[in-house]
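I have placed the structure first, in the form of structure tokens, so that the comments after it can refer back to it.
The values are calculated or read from the model by the stated rules, or taken from the named source; none is laboratory data. Note that this is a predicted model, so its numbers are computed, not measured. So basically every Cβ, Gly included, is an ideal-geometry build from the backbone, and we count neighbours across all protein chains shown.
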Amino acid sequence: MFDDGISRSLRGLVAAVAVAAATLVPALAQAQGKEQYFGIPSYRVGPFAAGGTGFFGGIIDYLQYVNMKEGGVNGVQMVWAECETEYNAARGVECYQRLLKKGDLQMHIFEPLATPIAYGVLNRVDDDKVVLTQYGYGRSDAADGRVFPWVFSTMTSYWSQASAILNWISTKEGGVDKMKGKKIAHLHLDSAFGREPLPVLRRLAKDWGFELIEIPVAAPGIEQQAQWLRIRQERADWVISWGFGAGMNSTAINSAARINFPREKMVGVWWAGSEEDVLPAGDAAKGYFAAANVPSGKQFPLVQDIEKVVYGAGKGNLSDPKRIGNIYWNRGVTAGIFWVEAVRNGQRIANKRGQMLNGDEMRLGFEALNLTPARLKELGIEGMLPSFKLSCADHEGAGVVKIIQWDGAKWNSVTPDWVSSDRKMIREMVEESAAKYAAEQKITPRKC
Amino acid sequence: MFYREAGQFRTSYGQDGQIFPLRQDRWAMLALLAAAVLVVPMVASDYWLRALLIPWLIFSLVALGQNILTGYAGQLSLGSAGFMAVGAFACYNFMLRVDGMPFLVALVLSGLCAAAVGMAFGLPSLRIRGLYLAVATLAAQFFIVWALDKFGWFKNNDPSGVITAQPIVILGMGFNTPQEKYLLVLGIVVVLALLAKNMARGATGRAWMAVRDMDVAAEVMGLPLMRTKLQAFAISSFYCGVGGALFAFAYLGTVEPSAFTIDMSFRILFMIIIGGVGTILGSFLGAGFILLLPIFLSVLFHAVAGKTVDASITSAVELIVFGALIIVFLIVEPHGLARLWQLTKERLRLWPFPH
């Protein structure tokens, strides 16, 4: 009786109804009891999946560890929900909105590990009372907590990283005065991310007298012949690799090998300094340096304990447990530590031991982050993080990096201590930029 | 049963030429608009407004522009995201550099800027067709994004390269809450969609369709080819530009040039292909499909699989299912979702009778 037309359109109708019904299904089963809810905007597919699965896996493993080992923070269980952002600004904003509320619970910390997403939600976090953390990326001037009360660039921003890298290069050259006349090439992805450190690099080039060669690479960066030809022609002494994605980074290393540019004179930003970035380049990557936020390795007591407690019980988040101790996973664990310390601090400051925190209390808790050497030892991460503290005006904290070197199989820390950036200069630049932003957006900076 | 057309007579040319000749259609459209304006802002949660409805409306607008160019005028274009970028940055710069510029005026001006750029990149269409034209418009996409990235003036020399859109103020009223932004975007989209529908139904649209079907014959018939094609590019880019400005101001709040990727251009093209090439409704349906379906799938999988399945697998499965659904829909109805709706309506007009 029904011919092709109606059965076809009916099929479409049924599909549409099924899809609409999906929205009515609750996304997180409501659990009773005292809980602190976190929304995790992870990216597990796409070109940066390796970093995303590692980082967010580390966060989830640490939250799980805190729940299992200590029963939560003063009895408050850590709960979380994930949302796939695919490293895309629009999806990230949608995930932010979706993760914001889960029944009665609201998320109060948002860490997207993606600059476009951080920018996308920057305007909303003040009203929604969500702490936006940019762990080593994003807006460098968010370090000024007076203009950005809800945004943190703990524990180092791109500007600090650039300054620290140059400080380390200058020590390798024998001092700042030896930098005069040297040629430093900034090989970067032609995007906001790649251009972010330029103000710092240009300023230092002027102050120290070295020549900065800015070499942009068009996305996706797997074709760098012309750029490396230029590096060879200009006879650059050092190359700062500000690359993005395993393709671009391993291409940079291979291209350097092809023109016999010593890998020991290349320093990568943290996006260009993970196992996944150098493994495709094989032997060519031996000797390559990177400026890491957190070193890799399983020698830290906390890492070993998480492996024993969480993975021992089969509740680990990484599908491949061999990745425990990799750079991104270690970094995720430290991010989880920041969150839990914020909860601990918040409960203490607001006198709400054993209770859920609201947005303002979480912010105060995060701002009160104070990782003393004693606390680092207590947590079992001595050497994994520098000792630093945040304050009302300083939302960055450390501004240091650890220089690591790839030996073909793993990353080794080259600097036993942390390499610092020029704190005074960076702070000056941060305050100037933040003031400009405040003027443009008509924000009155708060008093600290 | 739903469409009782007995007694509905059209006694004037005006009545015959309505967009909705059937009374039931008119009532349904009015009800839909009333619901959209009155009910949705009160009932919908912030999440629905901010993350689903506003982007859907904005991308419908851009898909409309793409449909005008590719669907009606037959000029295959892959530059829509580039024109969105022009609109977004033009609006930002107008609001920034002209004191007291009203937002709606800035919106129209940014649309006109995008139209000018669109016309410039549409010039190759006078000589080349089809896939080759697509490549030429691809150049538009990359060139525009490169130019916006390279010349810091467009971004007010912001060191990070990301501009923050100014708050929207019209006639002293701020449009900052999700409800207000939604109503503003809805108003703009309804007006522009009505304009597009009327253009498509009128002489302009017929000229476009003649050019699409066989441009040599159209030229022989006396249609000015250059004017028609450039007009299609201009109007399409106007829509994309306004969409881009709304994308920056009413949706994300911040934009950088590299947010308008070739990937976005492709998605807009897919929106009209799945929605229905050469239809107005198709733009809305296609935008809903490409934009909202992945989100529904994500919510569904998280609800069903939740913590039991590794989140990486869930994310990967979402992509697989989405791709499979695209294939299924295109096999079931190659002419798109709009055609499915058209068939449904034709059946509804007869239902419950078979013929």
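A few remarks follow.
- Considering segment A:368-427, and only residues there that are polar (S, T, N, Q), modelled with pLDDT of 90 or more and assigned to a loop (DSSP other than H, G, I, E, B), the residue that is surrounded by the most Cβ atoms within 10 Å (Cβ to Cβ) turns out to be A:S421.
- Positions within segment A:283-326 being at positive phi and within 14 Å of chain B (Cβ to nearest Cβ), in sequence order: A:G314
- Tally of residues being farther than 17 Å from B:S315 by Cα, within 13 Å of chain B (Cβ to nearest Cβ), in contact (Cβ under 8 Å) with a residue 40 or more places away in the chain and among the polar types (S, T, N, Q) across segment A:73-107: 1
- Test set (1) away from chain A (no Cβ under 13 Å); (2) modelled with pLDDT under 95 - B:F249 fails condition number: (1)
- The criterion of being among the aliphatic types (A, V, I, L, M) and more than 9 Å from chain A (Cβ to nearest Cβ) does not hold for B:V332.
- Residues in segment B:161-188 that are assigned to a strand (DSSP E or B) and crowded, with 17+ Cβ neighbours inside 10 Å: B:I163, B:T164.
- Residue within segment B:96-107 that is touching a residue at least 40 places away in the same chain (Cβ under 8 Å) and either under 25 Å from A:A114 (Cβ atoms) or within 14 Å of another protein chain (Cβ to nearest Cβ) (or both) present: yes
- B:F103 meets each of the listed conditions (1) out of contact with any strand residue (DSSP E or B) (no Cβ under 6 Å at 6 or more places or on another chain); (2) modelled with pLDDT under 95; (3) over 30 Å from B:I295 (Cα atoms) apart from (1).
- Where helices (runs of 4 or more DSSP H) sit wholly within segment B:1-73, those with at least 1 residues that are of a type outside the set (A, V, I, L, M) and without any contact (Cβ under 8 Å) to a residue 60 or more places away in the chain occupy B:13-16, B:23-34.
- Restricting attention to segment B:257-272, the residues that are surrounded by fewer than 24 Cβ atoms within 10 Å (Cβ to Cβ) and either more than 13 Å from chain A (Cβ to nearest Cβ) or closer than 30 Å to B:T177 by Cα (or both) add up to 8.
- The sole residue among B:D158, B:D149 that is assigned to a helix (DSSP H, G or I), touching a Gly at 6+ places or on another chain (Cβ under 8 Å) and modelled with pLDDT under 90 is B:D149.
- Candidates A:D320, A:D305 - the one that is assigned by TED's automatic domain parsing to the domain that holds A:G136 and modelled with pLDDT under 90: A:D320
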